[in-house]
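What follows is one structure encoded as structure tokens, with my remarks underneath.
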Amino acid sequence: MRLKATLLVEGINFTPGALEGVGTRFKEQNHGLFGWDLVNHKGVDMPDDFVHSDGTVTQFRFNPASPYVMSLRSGDLVVAKRDEVLDHVTLIPRPKYYDALTENGATMRQIAQIGGEDCFFVCYQNYCSHFAGGEECAFCNLVATKRTYESVLTRKDVKDIGEAAAAAFSEGMVKHILLTGGCFSHQKEVALVADIVESIRSALNLTEVPGTILPSATTNEDDIRRYRDTGIGAIGYSMEIWHEAMYQAFCPGKSKNTSHDDFVGAIKKAVKIFGPGNVYCVLVMGMEPRNTFLEGIREMSSIGANVVPFVWSPNPGSKLEGHRAPTAQWYIDTTLEAAEIVSRSGVPSGTRNHCYRCDGNSLLHDALRNK
Ligand code: SF4
């Protein structure tokens, strides 16, 4: 966990030959949503994430100035700091479906990617209206990433998503889905998300779909029930920052549409319908003080919701590009305290729908796994 926190904060460099096979034998970044690297790398394939010797998954955040380096030592892939080997690591095999085409002729990796080792990830629309007025969230580089890499389709066809899901699950590595999207008319979003999950469910021939959807927050119980009726296991809302005034400052567009209280109300209602442990509050960790972040963890745990806190990356193209995240020690101390709160609260872990292997940019599920 210490090494993961350090690599997420400081980023990682690599030596020649260390990344051989990325994009052919090993899974490369396809920038399905944000760019998390500290520096862009257009034209150079880099791993999405990698696995430590104890099974922990860490996101690969490229930073050519980082003292932490992925390199080969006696044929083994390691993470080292100067001459000191810190861990032996492995890259994640590249899914075969990445190069397959849908019946419509779309390349499947431009529709859905694998997050971590086992999560089928779809962003159904790589678009957000907050950028037009300069009111995007301060940590977000969605539009810049799309423009830099042009690696995914902006809008995905429902049937294409179902076909990609069937291909991905048939390879045996996928255990969960994660579905997110941009901002658009609420009613259209409810219908679209329901159609997508139902298309996946029917392609997989399942009655329940293990995974999580992250639509816009809603307090309308009929809409939440509509989501639940699709067979999806969990729902989450991206609240981003717990501290209300900081949320308004960092997320000017989003906070105009959905207030702090709207989020809390939406999460409470979702817990009622999806059940404790099956609702997530997604936060960006490292932009607000430790005590307000932990206040959020406490309140969410008290109402039966789980939290996925992503370690902030001051990534290229975001308003806060070039800033610095807190130290790795801050992340470790704060995460351990958060894990204590969550575990004492007794909220079910929800790992059936989202687990530590689903993504490499959160530390909380690692801390909870160690408990
Ligand atoms: S709501 Fe914020 S985080 Fe989400 S896509 Fe828009 S700007 Fe980015």
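Accessible-area rank, largest first, for 86, 72: 72, 86, with all protein chains present and a 1.4 angstrom probe. Using Cβ point charges alone (K and R +1, D and E -1), the dipole size of the range 2-91 about the Cα centre works out to roughly 120 debye. Can you give me the C-alpha center-to-center distance between the range 284-310 and the range 319-371, rounded to a whole angstrom? Comparing the Cα centres of the range 284-310 and the range 319-371, I get a distance of 10 Å.
Database remark: amide H of residue 209 closer than 5 angstrom to the amide H of 232, 233 (H placed geometrically; neighbours at sequence offset of 5 or more, or on other chains; Pro and chain starts carry no H).
Once the 1.4 Å probe is applied to the protein heavy atoms, the chain comes out at 39 Å² accessible per residue.
Charge dipole of the chain (Cα centre as origin; +1 on each Lys and Arg Cβ, -1 on each Asp and Glu Cβ, all else neutral): 140 debye, rounded to the nearest 20. Ordering 31, 121, 364 by Cα displacement along the dipole of the chain toward the positive end leaves 364 in first place; charges were set at the Cβ atoms of Lys, Arg (+1) and Asp, Glu (-1). For the set 163, 288, 321, solvent exposure ranked by accessible area (probe 1.4 Å, protein chains only) runs largest to smallest as 321, 163, 288.
Residue ranking by accessible heavy-atom surface, 1.4 Å probe, largest first, among 229, 195 comes out as 229, 195.
Sequence-ordered 3J(HN,Hα) estimates for the range 69-81 from the Karplus curve with 6.51, -1.76 and 1.60 and θ = phi - 60° stand at 10, 8, 8, 9, 10, 6, x, 9, 7, 9, 10, 10, 10 Hz, glycine and proline given as x. Listed peptides 345-353, 115-123 appear in the order 115-123, 345-353 once ranked by packing, highest mean of other Cβ atoms within 10 Å at the front.
Rounded to the nearest 10 square angstrom, residue 142 shows an accessible area of 10 square angstrom against a 1.4 Å probe. For the range 96-369, the carbon plus sulfur part of the accessible surface works out to 50%, probe radius 1.4 Å. The DSSP beta bridges internal to the chain are antiparallel in roughly 45% of cases.
Membrane-span-like helices in the chain, defined purely by DSSP H runs whose alpha carbon atoms cover 24 Å or more axially and whose average Kyte-Doolittle hydropathy reaches -1.0, are 186-204, 328-345. Here the peptides 75-84, 358-367, 245-254 are ranked by packing, the mean other Cβ count within 10 Å, and the order with the highest first is 358-367, 245-254, 75-84.
Within straight-line reach of residue 81, meaning a Cα separation under 27 Å, sit the following lysines at least 8 residues removed in sequence or on another chain: 4, 27, 42.
The values are calculated or read from the model by the stated rules, or taken from the named source; none is laboratory data. Nothing here was measured: the structure is a model prediction, and the numbers come from that model. Backbone-built Cβ (ideal geometry, glycine too); neighbour counts: all protein chains shown. Side chains are part of the model used for accessible areas, which takes the heavy atoms of the whole protein and leaves out ligands, DNA and RNA. Shrake-Rupley method; radii C 1.70, N 1.55, O 1.52, S 1.80 Å.
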